[in-house]
Amino acid sequence: MKFIELSQENYKDYLPLDIAAFSFAFAGAMGDAGGVVIITTDGQLYYFNYVYQEFSKDDVDAILPILSQCDLPIFGETDRVPEGWRHISLGAGNNLLMQNQYVEPFFKMHKEYAKTVDKIDGCLYRSWQKLILKLLKA
């Protein structure tokens, strides 16, 4: 998977992003704290880190306007996201948001995928990107 890394200098060149799904990690999350992975409806992947790169709140809001409309807990799932979106906890401060139209086929695909791999590779945290890309190509 090839990512376009967004920086404060280049992110405006890619806006607006037609986002199908994105993950983000709270600042103290396990894994890539502050990391954001975006997959657009055309299957392009973008990455930035709002903790370790120099992004202002306005920069993050420009890239991910939906994020400022969410009220997400540190643990668990919530329905406090804008209409048309679903929040899925990836565990340990890691979050996935996806457009509702992809949720049902995504979970169906994940259920089948998880039967074919070991438990670690089948966990959502490790498999969501591969599965969303496959879903978008279908």
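The values are calculated or read from the model by the stated rules, or taken from the named source; none is laboratory data. Everything quoted here is computed from the prediction, not taken from an experiment. All Cβ positions, glycine included, derive from the backbone under ideal geometry; neighbour counts span all protein chains shown.
Is it true that Gln53 is among the polar types (S, T, N, Q) and within 19 Å of Ser127 (Cα to Cα)?
On the way: among the polar types (S, T, N, Q): yes; within 19 Å of Ser127 (Cα to Cα): no.
Spelling it out, it is not the case that Gln53 is among the polar types (S, T, N, Q) and within 19 Å of Ser127 (Cα to Cα).
Can you name every residue in region 103-132 that is in a helix (DSSP H, G or I) and hydrophobic (A, V, I, L, M, F, W, C)?
Initial filter on region 103-132 (in a helix (DSSP H, G or I)): 103-116, 119-122, 124-132.
Across region 103-132, the qualifying residues are Val103, Phe106, Phe107, Met109, Ala114, Ile120, Leu124, Trp128, Leu131, Ile132.
Looking only at region 13-41, filter to residues that are over 12 Å from the mean Cα position of the chain (by Cα), modelled with pLDDT of 90 or more and of a type outside the set (Val, Ile, Thr); which one of those is farthest from Phe106 (Cα to Cα)?
Residue satisfying both the conditions and the ranking: Asp13.
Identify the single condition in (1) surrounded by 15 or more Cβ atoms within 10 Å (Cβ to Cβ); (2) at negative phi; (3) not aromatic (Phe, Trp, Tyr) that Asp13 does not satisfy, given that it satisfies every other one.
All conditions are met except number (1).
Scan region 21-43 residue by residue and report those that are aliphatic (A, V, I, L, M), part of a loop (DSSP other than H, G, I, E, B) and farther than 19 Å from Asp71 by Cα.
Just the residues of region 21-43 that are aliphatic (A, V, I, L, M), to begin with: 21, 25, 27, 29-30, 33, 36-39.
Next, from what is left, pick out any that are part of a loop (DSSP other than H, G, I, E, B): 27, 29-30, 33.
Within region 21-43, Met30 is the sole residue that qualifies.
Working carefully through the options Ser23, Ser7, Ser56, find the one that is loosely packed, with under 11 Cβ neighbours inside 10 Å, out of contact with any Asp or Glu (no Cβ under 8 Å at 6 or more places or on another chain) and of a type in the set (S, T, N, Q).
From the options Ser23, Ser7, Ser56, the qualifying one is Ser56.
Any residue that is in contact (Cβ under 8 Å) with a residue 12 or more places away in the chain, over 21 Å from Leu131 (Cα atoms) and hydrophobic (A, V, I, L, M, F, W, C) - is there at least one of those in region 46-56?
Yes.
Which one is modelled with the lowest pLDDT, of the residues in region 88-132 that are surrounded by fewer than 17 Cβ atoms within 10 Å (Cβ to Cβ) and among the hydrophobic types (A, V, I, L, M, F, W, C)?
Applying the filter and picking the extreme gives Ile120.
Name, by its number, the condition in (1) modelled with pLDDT of 95 or more; (2) surrounded by 15 or more Cβ atoms within 10 Å (Cβ to Cβ); (3) at positive phi that does not hold for Gln44.
Answer for Gln44: the failing condition is (3).
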